[in-house]
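Only one structure is covered here, and it is reproduced in the block below.
The values are calculated or read from the model by the stated rules, or taken from the named source; none is laboratory data. None of these values were measured; they are calculated from a predicted model. Note: ideal-geometry Cβ built from the backbone for every residue, glycine included; neighbour counts use all protein chains shown. Quick note on the areas: whole protein, heavy atoms, side chains included, nothing else; ligands and nucleic acids left out. Shrake-Rupley method; radii C 1.70, N 1.55, O 1.52, S 1.80 Å.
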Amino acid sequence: MPAIEFVAGWISGTIGIVVGHPIDTVKVRLQTQSQYRGILDCILKTYGRETIFGFFKGMSFPVGMVAISNSLMFGSYSNALLYLSGKHFEDRANPKHNLHIFMAGCFAGGVQVIFTAPVDLIKVRLQNQTESFKSHGKTLHVKSLYKGPFHCAACILRKEGVAGLYRGSIALTLRDVPTTGLYFLAYEVLCKWMTNDGAVPGTWAMLFAGGCAGTVGWAAANPMDVIKSRMQMDGINGSKYRGILDCFVKSVQEEGANVLLKGLTINSLRAFPVNAVTFLSYELLLQTLR
């Protein structure tokens, strides 16, 4: 099993999370809190209450963890693609079948979820914490419930058990498995379209294809991303939802069908630069490390 893809995925994932985390914080708050009128209102209120540091809440933990997750995704994808087609990720001389690309991407999404579910849960809860623990440490509101990622994990384990760390994992699986397949497929198709047969894509082609792949993937994932985020926030002060379908029905009944599009604009704005940089970093690292 080639290991170099895991290393390249780790490094490119670290770069991607640093670029995209502030926008991700805004996205999560828009999806799970009703106090904001839109993207700009969320940005201004976050900055007004918490200064610039508010946008980086929950980042110290995800930087390392998301890097591992990205490593698993790219490594699993490359190895699955090699198994299915007999061709390496960067082998442009021998085009890969689109079905193989999609299947390898779906497999990578499934592998990633196993590790990602608890990490994503902690990240979402920390990002929704709009005040410091020290400010209101005696309350039980999410605004001030957690001191940090490890305290958050400990609180979830104590209150909700091991299963609590995987709250929303089914929704996360339904979000990530098909959309990761679409993510890699979009990247490969666009690279092939912008590059001469058998040639290595140029820097701008990688950036554009990576950005578009991220935007397409997140656009498809957004409805389930909303449900996933709400399921993850559920259980802090009692459970509101009995499952994914119940969360879907209640969310639509209470806020209309547009609730499934919450965070779509900010998701798209975040997805393009983050994934453009991620794919470019990954491709260049593979070329350097081979």
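Annotations
- Per residue solvent-accessible surface (Å²) - the range 208-247, probe of 1.4 Å: 34 Å²
- Computed from the Cβ-Cβ distance with R0 of 45 Å, the FRET efficiency linking Gln33 to Glu90 stands at 0.60.
- 10 Å-binned pair-distance histogram of the range 212-290 (Cα, whole percent): 17, 35, 25, 15, 7, 1
- Checking the cross-link pairs Lys45/Lys147; Lys159/Lys228; Lys147/Lys262; Lys240/Lys262; Lys192/Lys262 against a 23 Å limit on the alpha carbon distance flags Lys147/Lys262; Lys192/Lys262 as lying beyond it.
- Only protein atoms count toward the accessible area here, which uses a 1.4 Å probe; on the range 207-267, the carbon and sulfur part of that area reaches 65 percent.
- Nearby aspartates and glutamates by direct alpha-carbon distance to Lys96 (threshold 18 angstrom, same-chain neighbours under 8 apart not counted): Glu5, Glu188, Asp197, Glu283
- Projected label points at Thr195 and Phe115, each 7 Å from Cα along the beta carbon direction, are separated by 2.5 nanometres.
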